[in-house]
1. Averaged over its residues, how many other protein chain Cβ atoms are within 10 Å of peptide C:359-372's Cβ atoms?
2. Below 8 Å between Cα atoms, with a sequence gap of 6+, how large is the relative contact order for region C:1-93 in percent?
3. Given a Förster distance of 30 Å, report the FRET efficiency between C:S527 and C:L463 from their Cβ-Cβ distance, rounded to the nearest 0.05.
4. Of the listed peptides C:71-80, A:84-93, what is their order by residue-averaged count of other C-beta atoms within 10 Å, with the highest listed first?
5. Once you put a point 7 Å from the Cα of C:S336 and another 7 Å from the Cα of A:D169, both along the Cβ direction, what distance in nm separates them?
6. Taking every residue in C:52-61, how many Cβ atoms of other protein chains lie within 10 Å of its Cβ, on average?
7. Under 16 Å from a point placed 7 Å out from the Cα of B:K73 along the Cα-to-Cβ direction: which residues of region B:93-107 have their backbone N that close?
8. So what's chain C giving for Rg/Rh, alpha carbon basis, Kirkwood Rh from the mean inverse pair distance?
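Read-outs: derived from the displayed coordinates by stated rules, not from any lab. Fair warning: this is a prediction, and the values are worked out from it, not measured in the lab. Every residue, glycine among them, receives a Cβ derived from its backbone with ideal geometry; neighbour counts consider all protein chains shown.
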Amino acid sequence: MKDIEKEGFGRRDFLKSAVAGGAVAAAATAAVVTTQPAQAQPAGTAASGYAYLNLDEAAFVEAMVDHMVPADQYSPKGTDMGLAIFIDRALAGGWGKGERLYMQGPWKPGVPSQGYQLPLTPAELYRAGIAATNAHCAKTYGKTFDRLDAKQKQEVLIGLSSAKITFSDGLPVRVFWSTVYQTVIEGMFADPIYGGNRDKAGWKMIGFPGVIATHAQDIIKYRDKKFPADYTSISDMS
Amino acid sequence: MYRKITIAAAMLFAMGAVHADGDAKRGQKLFDECVACHAPERGATGGVGPSLFGVIGRKAGEVADFRYSPAMKRSGVTWNERDLDAYIEAPQKKIPANRMPYSGMPEARDRADLIAYLNATFK
Amino acid sequence: MAKVMKEVDAVIIGLGWTGGILAKELAEAGMSVVALERGTMRDPAKDYALPNIRDELRYVQRHDLMMNTARDTLTIRNNPSQEALPMRKLGSFLPGDVVGGSAVHWSGHTWRWTDNEFKIRSNYEARYGKKFIPGDMTIQDWGITYAELEPYYDKFEYTAAVSGKAGNIRGKIQAGGNPFEAPRARDYPLPPLTPILSSEVFSEAARNAGYHPFPRPSANASRAYVNPDGSKFGACQYCGYCQRFGCEANAKGSPHMTVIPIAMSKPNFELRANAWVTRIIKDASGKRVTGVAYTNVLNGEEFIQPASMVLLTAYAINNVHLMLLSGIGKPYDPVSQTGVIGKNYCYQTGAGATLFFEGRNFNPFINAGGSNATMDDFNINPDFDRGQLGFVGGYSIGAGFNTALPIGYRPVPRGTPQWGTEWKAATSKWYQTAMNIGASGGVMANRYNYYDLDPTYRNAFGLPLMRMTFDYKDNEHKMGRHAAAQINALAKTMNPTHLNEASARTDPWTVVPYQSTHNTGGTIMGSNPGNSALNKYLQSWDCHNLFVVGANVFPHNASYNPTGPVGALAYWTADAIKNRYVKNPGMLV
């Protein structure tokens, strides 16, 4: 049951540890190794403009992804990686509309081990959560999240991720945050055809080569060696 | 982003090629690596890969009823023994972004025998 | 009014490994067979082809090949005093939902379960005394022996192209294999997969500590292969997209590229996809079934398919659900401990550590589904004494990678922030320089872990959802603590730069996140109708022309993945039907 340590275990501990903010070895390594000169790149980026987010929501999402994924030596900033576009398209599409969610009542809060129990699609949850977060920000700082300074944004996100913030309208903050976090991560590392991970910047950050993966000879050839990734997306092969 | 086929690969072939006297019988055994996807029969369809009947002398990406990658269709290759050798050795190097899930056959002699078999059988 | 179809010899419900094997075997024996699969048909050449199959968002996050919970799901709770609520989206386990079933997206791990499991109660009582087994632990012997099943394991391993190294051939221990395994008639059909660095590093440390690591047997063809039926396999390319994905190279042993196409080539076999079976129909006596009712999900039209025999071969959970919906056999009641349908639902448990090695390159994106070294020193090792430890069952420990794609797999040391430059630095630094050691442990049957029908919630066909009542008990907690301690001790001998230690789980079982699609029990096999739903040939004690095949027949769950015995039992049942049942229909025991 390899999966436990891979997903369950890791993610859970990750959430717990997030606020501890302990010492971390942050020595920057050369993250991006491109051995091949880039030729003309298929665009692979979605058109700008939003299909679901309204003006307030767009401002929130853009501010959030740029705070969570700042421009640095590892990647461009969140909006430049297409994260806001990715999130908007995800919410506007089948997943955001809850196409595979069991949506029959009766609705009860249940216990945490019973998982997701809200009568909301991901798109509805996002909308309600942004409104509730902005209400918290207005009450605490006198302005919406996108107009806060970096330190205040950090306070809010830590409050959400640790559930120290509670929403006065009853929306469970943990459920909102886990959905938000999932979409940010998906936007960074999903194939660029979905609008995020623009120019494969998420993959380049960690050295994940993408979709061409005929590795039968590479196990020996690159045993304990850095793999010279030729970053390839679905668009590059289409 | 993709490397163009290097001159080196072609040179290597020119110096060490053994295609002409490849062992078709041994090549038949080596073709076992290919049969999960490629049917040897003329006009075979529905496989994971296209039929290899008559591949030598054929333009890449032209078997009817097979959906090739854009890279293969764009490649401009007409399969001769030299191109086939380079492709089988390192498919992603010869035609980057093609969609054949195969890492390549590293031994020159193996490739020569395989090509001899393809030559002898599929035309 | 449902349309009545022409009667056939056998109707098969669900077309994955078990349905596929039975479809091929019975069609080859000349029987008229119809298979009803609620999912869609998918064709590897179109649906599992590059580049679109390499899409983590679609296949891992959005469950493209999995059961759609909008249509049908379960309700879940940890104990009978809780109110069960629907699993509104997939999480802990992922049943497949296409022709080929979960065997399209499995990783290929193929184990032989042995008399360690089949005689579990007898073995523990003999060795540790009757009192060693807690009163609420409802483990029981399976009514079958390893010797009976050995030829069928062999048949399944050769069909599915299992790569591995034998540890025991006819009693002779083989270097490099699992020395604790039961004797096998011959080696695996294919040599082991090329080991990846993380499994080699683990193996070396395990050997140094006196343990016995070996390459995990897996249905990922280590070289091109033609199986005894003539099905052709390409060599595994170690693409790193195995678990949750169909294989584009036909290198993963799956029914959609082996047994199912063979069945489909027979004129006496018919596959109907998009056919959702809602009920198995009994005759007036209640001692025979006469066919099944199903709905064409493309247009809602209802049908009756009469058949001389019914083979229930859907996913393990759905097999139990259909038995309950059809009123076949007496439902299990945990209070009176009577009835059998729903009894002994089991799952698996585990623990894991992440080891960070600055400067190393594990290339976690290069792997087969079975790129893993495993040791059974705390599992089937006869010298592993549970007397002082006080738990039943065991766990295997392994290391390697299987589908470590970046949305789901981004190891960082504990204490790393969740976002920002510091997080990105750690994610960038450790993605390629970390590895995992994990334990997979069995779950023993318990009186209060069971299935029944939910009183409140219904599926898209208006039928009651199945209710799952499950939690880990003291036995699993003891085992988990032991496993975590062994993993941490071993990990420390490897001197990682940083170690995220394994810890035993203490929280109740939860439906999120993903844990394992190894749900077992519910219609268990056994030696008498008082304590089991099926006899050793997986024949219903209540209706002799109904056979139920899948991990739902396991009376408890072991540390191993279930597909080895599931496949072997499908061949075993096929033989019993072909060679005995059709000649003289009636109870085989």
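1. Mean shielding count: 4.
2. It comes to 18 percent, rounded to a whole number.
3. Efficiency computed from Cβ-Cβ geometry: 0.40.
4. A:84-93, C:71-80
5. The answer from the label model is 5.0 nm.
6. 6
7. Hits in region B:93-107 for B:K73 at 16 Å: B:97-100.
8. My calculation of the ratio gives 0.95.
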